Structure formats: structure tokens, C-alpha cells
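The values are calculated or read from the model by the stated rules, or taken from the named source; none is laboratory data. Nothing here was measured: the structure is a model prediction, and the numbers come from that model. Here the Cβ positions follow ideal geometry from the backbone for every residue, glycine too, while neighbour counts run over all protein chains shown.
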Amino acid sequence: MKMRNDYVAEGVSIYYYVVEWDAKALSWEDFRGKVLGPTDPAKAPVDSCRGAVLAKWKELDLTAEPDVADNAVHGSASPFEAYAERANWLGHRAQRDPFGKLLLKAGVTQSLIKEWSNDPQVTFGLLPMTRSLFDTLEDTDSDYCLALCQMIASFQGAAMDTKTSNPKEKELAALKEQLAAYEQLAKAVAVFQSFSLPAEEPAADAQETSKKEGKSKRSRKSKKQRD
């Protein structure tokens with residue numbers, strides 16, 4: 001917090017630069033190590049930013065000689081960290097930031113970008129590994145950084161889908177299978193439930209039937225007598 005206070009104390013201003021260059025001519029790692037210089041100014045080449053400030057700190061009216069904690073200039077460790085710091089200090093949003101737009105185009109959601117800006121531990125890979133996001137992306141050039149972000153996001157998205165859908169969806173699928181197994185039984189039960197005995201014949205019809213049977217018997221008897 002003491003280091004942070006140096007940037008937000010009353011009367012203090014932040015001077016920032018957005019730097020672009022050809023990655024073929026200069027890697028992000030060399031930008032940090034050679035152009036800005038090592039974190040410890042005492043080890044920085046004189047022609048680097050930190051080396052130059054250390055050599056002229058009195059001429060520049062600095063209140064103290066630069067050291068590891070206060071080394072004249074900060075450089076973002078990766079293109080993603082650069083975005084996160086612009087979002088934090090300058091209020092940039094992904095859809096209006098050059099690198100943020102590329103992240104969104106690569107399929108990294110806005111909510112994930114916001115979560116990643118706090119340097120969470122992320123798990124990714126076919127043989128899962130868990131690391132700090134910032135450490136994973138450190139010293140990567142923009143194209144490689146984007147590819148890594150896209151890859152990590154795909155694993156995080158899959159893990160999130162599994163985490164949120166597994167318990168309920170698996171239970172629902174199991175219930176559907178059980179219902180399917182009992183479907184034929186349910187149809188058979190419905191047939192039994194709908195079955196009803198034939199209605200009995202009315203008494204008058206029964207008497208008529210009895211008379212007809214009586215006539216038939218007498219007819220057969222008469223025929224036998226004739227025979």
C-alpha cells in the first residue's frame with residue numbers, strides 16, 4: 001500500500017505511455033529487460049530507462065536514489081497486464097481498448113476479463129495445471145498472449161459448464177432414463193385401467209331370448225317325432 005500511495009498521494013500525477021512496436025524487431029521480454037532495464041536500477045544498462053534515471057537522479061530533482069521498490073518507471077509484464085492496468089488506473093473498458101477488443105474477438109468474455117484483471121489462479125491444459133494468470137502470460141508478445149488467453153478461457157469455460165451443469169443435469173438425465181424404462185409399463189397399466197366389462201342384457205331381451213330357445217327346442221323335438 002505504501003507503493004500504491006506514491007501514485008495516489010495528494011499532488012501526485014501519473015504519466016503513462018502506450019507504446020507500440022514491431023514484435024519481430026523487439027520482443028516484449030526485451031522491451032522490459034533492455035529498453036526499460038532490470039527491476040534493480042543498479043543492474044540496468046546506462047542506455048536503458050532505469051539506468052539513465054539512476055545516473056541522473058540528482059539532475060532530475062528526484063528526492064531519493066532509485067532502488068528496486070522505486071525504480072523510476074513501471075512496465076507492464078504482458079499485453080494483458082497492460083490492459084488490466086489501463087482498466088484499473090485509467091478506467092478503460094474492454095470494448096474500447098485496443099487489446100481488450102482483441103480479447104473479446106478471441107472469445108474471452110467481458111466477465112472473465114474482469115476476473116482475470118485481479119490475477120487469479122487459473123487451471124488449464126489436458127494435464128491440468130494451476131498457475132497465476134499474470135505469471136502465465138508474463139513476457140509474451142501480443143499474438144502469443146492472445147492465443148494463451150483464448151486457450152485458458154476455453155478450459156475455464158468448460159470447467160464452469162461442468163461445474164454448473166453436472167449435478168442437476170446428470171440427475172435429470174437419470175430420471176429421464178428411468179421414465180423411459182417405465183413408459184411401456186405405463187401404457188399397459190393405462191389399458192388395464194380403461195378396461196370395463198360388457199353391459200348385461202336387459203330382462204326383456206333375456207325373456208325373448210329364452211322364448212326363442214324354447215321354440216327352437218320344440219322345433220327340434222317335433223322334427224324328431226316326425227322322423
**Item:** Selected residue [out of contact with any strand residue (DSSP E or B) (no Cβ under 6 Å at 6 or more places or on another chain) and outside any helix (DSSP H, G or I)] from L60, L54, L102
**Value:** L60
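Conditions tested, residue by residue: (1) touching a Leu at 6+ places or on another chain (Cβ under 6 Å); (2) at pLDDT 95 or above.
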| position | (1), (2) |
| --- | --- |
| L62 | no, no |
| N71 | no, no |
| S78 | yes, yes |
| G100 | no, yes |
| W116 | yes, yes |
**Message:** Cβ contacts < 9 Å: first residue more than 13 Å from L90 (Cβ to Cβ), restricted to the range 2-16; second residue in a loop (DSSP other than H, G, I, E, B) and of a type in the set (A, V, I, L, M, F, W, C), any location; separation 6+ or different chain. Result?
**Reply:** K2/A69; M3/A69; N5/V12; D6/V12; V8/I14
**Request:** Looking only at the range 20-62, count how many residues are under 24 Å from F99 (Cβ atoms) and touching an Asp or Glu at 6+ places or on another chain (Cβ under 8 Å).
**Result:** 5
**Message:** All but one of (1) under 24 Å from K24 (Cα atoms); (2) among the small types (G, A, S); (3) not in a loop (DSSP other than H, G, I, E, B) hold for G75; state the number of the condition that does not hold.
**Reply:** (3)
**Prompt:** Is it true that T39 is among the hydroxyl-bearing types (S, T, Y) and farther than 21 Å from E138 by Cα?
**Reply:** no
**Prompt:** Which ones in the range 20-36 are without any contact (Cβ under 8 Å) to a residue 40 or more places away in the chain, surrounded by 10 or more Cβ atoms within 10 Å (Cβ to Cβ) and within 19 Å of D143 (Cα to Cα)?
**Reply:** W21, L26, D30
**Request:** All but one of (1) hydroxyl-bearing (S, T, Y); (2) exposed (fewer than 10 other Cβ atoms within 10 Å of the Cβ); (3) closer than 20 Å to L137 by Cβ hold for Y83, so report the exception by its number.
**Result:** (2)
**Message:** Can you say whether D61 is among the acidic types (D, E), free of Cβ contacts under 8 Å to residues at least 40 places away in the same chain, outside the structural domain of H92 (by TED's automatic domain parsing) and surrounded by 13 or more Cβ atoms within 10 Å (Cβ to Cβ), as far as the supplied structure shows?
**Reply:** no
